[in-house]
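The structure under discussion appears below in the form of structure tokens.
What follows is calculated from the coordinates using simple rules that are stated; it is not laboratory data. As the structure is a prediction and not an experimental result, all values here were calculated from the model. All Cβ positions, even for glycine, are placed from backbone atoms using ideal geometry, and neighbour counts span all protein chains on display.
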Amino acid sequence: MSDPPAARQPHRRSGLFRVGRFYGVPLYFSASWLIIALLLTLSYGSLIKTVVPGTSRTTSYLAALAFAIVFALCVLAHELGHTAVSLALGRPVRRVVIFLLGGVSEIEHEPDRPRDEFLVSVAGPLVSLALGGVAAAGRLATDYYSVPGVVLTLLMWGNLVVAGFNLLPGLPLDGGRLLRALVWTVARSRLNATRISAWGGRVIAVVVAVSGILVDRSQYGITPGLITLVLAAYLWVGAGQSLRLAEVLDRAPALHLAALLRPGLLVPSDVSVAEALRRANEGRVGGLVLVDAADRPSAIVEERRISAVPMQQRAWTAVSTVARPLDQGLVLPVDLSGTALLDAVRATPASEYLVVDARGAPAGILSAADLAGALRLRSA
């Protein structure tokens, strides 16, 4: 994704706030994290006031807020562990996001070797364990019945819980990736290893959901139970997405862009939608590409947008209004195949792409729907 011009400029549409960079990787906090920060402050503010005699309500809740902020930084450090190892292995990371349910390092490519999968996955929990150890050491040097002592105790257990939960053997958790790496090494099949790890993630999701239903609402209210159910849904969906991605990658070697081409038609940008469709029907083509005054391709017509133009308006609507400018990612070389083709499409999502030959001349149109069909996906 493109970086905002200012380091702390919010992404208003996505609710993300950039807080810095790590070796070129942008770091974001989601607005949803504020929900967890509020819950931690309210929950542990009263705990600190109870445990530490004579502490005022203001001091207790400020200490709880400080814990929430430091704990978020610990979660960020967990993700930076993944990011650092991934970058060291030459695998780019798009961004790191801290959100309601934890954090995620968006690594651009799936690992090619189980060793890489193992090293990247284990790095995060190791960082959390190390931070838990540092907090434990600080706790031993501090009076437990003091504000710093309670905060250090909370940080110790918080990091240990983060490490322990992430090591559970199911995708999309780190433990699921470790399990996949081990099974992949033994079975020599990433797909089968992913199937096992994904079902492990679904079992964990069910257990988490049941715990959310059984949580004591009289003591804690409804909020913790709802967050637990959201976490369970996240785990279930994440496991399914990991499995679908593994199935796609397993079929990728059979992909050849040249075999997926639709014939395209070059049309001037000033013709109407009705005229462009008439020419397309006469030529029996599968896509329309707009050309500029020098007959150079300049935009590609999006099928879903041209279909949405009402019949009575097509004669008066310029075809350029339903076209997307040909940015660099929308032009693909015809010799792409396998995972290279998938990477190119994932880098610039679109419904249609212009395909060019070795000379740069238009060779045809790639439809995302056709690509999905070749991968036997239900939707593009």
Output the peptides 284-291, 368-375 sorted from most to least packed, where packing is the average of other Cβ atoms within 10 Å over each peptide's residues. 284-291, 368-375
Gaussian network model of the chain, Cα springs within a sub-10 Å range: biggest mean-square fluctuation belongs to which of Pro268, Pro114, Pro125? Pro268
Helix-derived [θ] at 222 nm for the chain: sum -39500 (n - 2.57) over DSSP H runs of at least 4, divide by residue count, nearest 500? -18000 deg cm²/dmol
Angle, helix 190-214 long axis vs. longest principal axis of the chain, Cα atoms, 0 to 90°, nearest 10? 50 degrees
Just to confirm the number: angle between the C-alpha axis of helix 147-166 and the first principal axis of the chain, 0 to 90 degrees, nearest 10? 40 degrees
Given the Cα-Cα distance of Leu38 and Glu247 and 0.36 nm per residue of separation, how much length would full extension add, in nm? 71.3 nm
Between 0 and 90°, nearest 10: helix 273-283 axis offset from the chain longest Cα axis: 70 degrees
Averaging sequence separations of C-alpha pairs under 8 Å and six or more residues apart, then dividing by the length of region 257-374, give the relative contact order as a whole percent. 30 percent
Picking from Leu354, Gly158, Val237, whose Cα lies most toward the positive end of the charge dipole for the chain (charges on Cβ: Lys, Arg +1; Asp, Glu -1)? Gly158
Pull out a ≥ b ≥ c, the square roots of the eigenvalues of the alpha-carbon gyration tensor of region 257-374, then state rounded if a/c is under 1.5, prolate if not and a/b is larger than b/c, and oblate in the remaining case. prolate
